[in-house]
Amino acid sequence: MFPRLLLSFVDSSRQLGLAVTMTFGLLVLLPSQAAHAQNDGGDDDDVIIAAGVAVDADGVLQRLTVNDPTGQLMRQRVQESLARLGTEITERSALRKVSLTRLARLIQQAIEEGHGPDESMMHLAGLTRIKYVFYYPDTQDIVLAGPAEGWVETEAGRVVGFHTGQPVMELQDLVVALRAFPPNKTTNTLVHCSIDATPEGLQRMQQFLSSIGHQIQYGDEQYIVEGLRESLGLQMITLGGISSQTHFAQVMVEADYRMKLIGIGLEPAPARIRSYLSLASFASIARNAMCRWWFVPDYQRIKMSADGNAAEFVGNGVKLVGEDELVARDGSRVQSGSQSRASRKFTQSFTQKYAQIAENAPVYGQLRNCVDMLVAAAFLQEHGLYGKAGWDLSVLGNEEIYPVETYNAPQHVASAVNSMWKGRHLATPVGGGVQIEAKQALRAENLLADKDGELVSARNKVHLEDLPADTWWWD
């Protein structure tokens, strides 16, 4: 279940060392290639930008890139979206309100009429964050509120806002979250993903490392890289708590995968943070044979009203954590209960810069949105708001009527290998993951008190009494 970062070492009799960093990604980049990808000095037409991931019919994760150096293609897409959506819903809003109960009723009506939900419904009227969850007993409305703007689908299939470039929240992800914490049940679903080497792959890797022994010297980089990649082969992707055939699952896997690439220097960081490999000294690598990095919610971030009818989401919502382990030759792992200085600095800086990282790399904004949706759904279940609203999710809870399990399930990803010189030892790290225990955010010790009454005041400023029955969002 848990993500892991594995380090192995090979001494060199020539007093030289090749540090080979490996991840469960697709790209195999030597240092010269990585530098070229960041600044190739060529024509603009040669600029290739990382755009996301896709999963083929065999369940193998693949990386996507786009070529739009001038931004002309995106500008054209924005203009088309503006013309299609109209001005009202594309206006930027500091606090747009979306009634889930009204939305579900109108979606059911649309399905019964044979045309299904429209684009605004599928993108939750352009919400880019959840700031508040409100319940109104008089009208039995459950309302999500947060910033919103017009949206456009990128060439990679990611839906982002016109103004900020932040990912727009998607109904399909919200449906996954609601089904994880459904009405009339008491659940504490652990949603997680991890990427792990197969036992056979680890054994082949150990055999390969033993075979090269003391023969390493400068110029062997390509041989080492290819040997590690071939010996490990495809890595296993494990998902739990939600269906692996959902967009939600793909967001988790991509965020995990790309975080790991950043940590080991295979992908430029979207903010000014140093990779783990650049921070790690020879001594720290040799002393700490294994690192684990994984995303979790920032649990101490929910402000709640005394009556349980209002919640406010504060802060970034996601943090990166880590721990060191030891790995024996047989592949067994023992937790050390501590974290190396380099690993700790990397995870702390990633967490501190998470907002900026999410601004520049939308997948991390998508992960944050998915975490918020899970916590919001857990809040509805924990405080009985489904029952109070008389809402059983209607068609949104039925996969046969409203399918969201329509994606290829990610099952494997090929190994990507990076290389750099680091003392006299060969280092080979692998691992990563996401773990979301939504109800932990609702535990008494993690809740923030509404001491100044601002949360209740924000809820009371929203009036629904005169709202037309067919209106499900408003500013």
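The values are calculated or read from the model by the stated rules, or taken from the named source; none is laboratory data. All of these numbers come straight from a predicted model, not from anything done at the bench. A quick note on method: Cβ atoms are made from the backbone with ideal geometry, for glycine too, and the neighbour counts reach across all protein chains shown.
So which residues in the range 263-275 are surrounded by 24 or more Cβ atoms within 10 Å (Cβ to Cβ) and at pLDDT 85 or above, if there are any at all? Result: 263, 267. Taking the criterion of being under 14 Å from residue 188 (Cα atoms) and surrounded by fewer than 24 Cβ atoms within 10 Å (Cβ to Cβ), the residues of the range 380-394 that qualify are 382, 383. Taking the stated definitions as given, is residue 430 β-branched (Val, Ile, Thr), modelled with pLDDT under 95, under 23 Å from residue 53 (Cα atoms) and in a loop (DSSP other than H, G, I, E, B)? Considered against the rule, which asks whether it is β-branched (Val, Ile, Thr), modelled with pLDDT under 95, under 23 Å from residue 53 (Cα atoms) and in a loop (DSSP other than H, G, I, E, B), residue 430 comes out as yes. All of (1) surrounded by fewer than 21 Cβ atoms within 10 Å (Cβ to Cβ); (2) at pLDDT 95 or above; (3) within 14 Å of residue 242 (Cα to Cα) hold for residue 377 with one exception: (1). Checked against the criteria, residue 130 counts as at pLDDT 95 or above and closer than 18 Å to residue 92 by Cα.
A quick yes/no check of all residues on (1) in a helix (DSSP H, G or I); (2) surrounded by fewer than 23 Cβ atoms within 10 Å (Cβ to Cβ); (3) of a type in the set (Val, Ile, Thr):
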| position | (1), (2), (3) |
| --- | --- |
| 228 | yes, no, no |
| 231 | yes, yes, no |
| 239 | no, yes, no |
| 248 | yes, no, no |
| 260 | yes, no, no |
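No other residue among 421, 391 is modelled with pLDDT under 95 and on the phi < 0 side of the Ramachandran plot apart from 421. When restricted to residues that are part of a loop (DSSP other than H, G, I, E, B), β-branched (Val, Ile, Thr) and closer than 20 Å to residue 450 by Cα, the range 114-159 contains 1.
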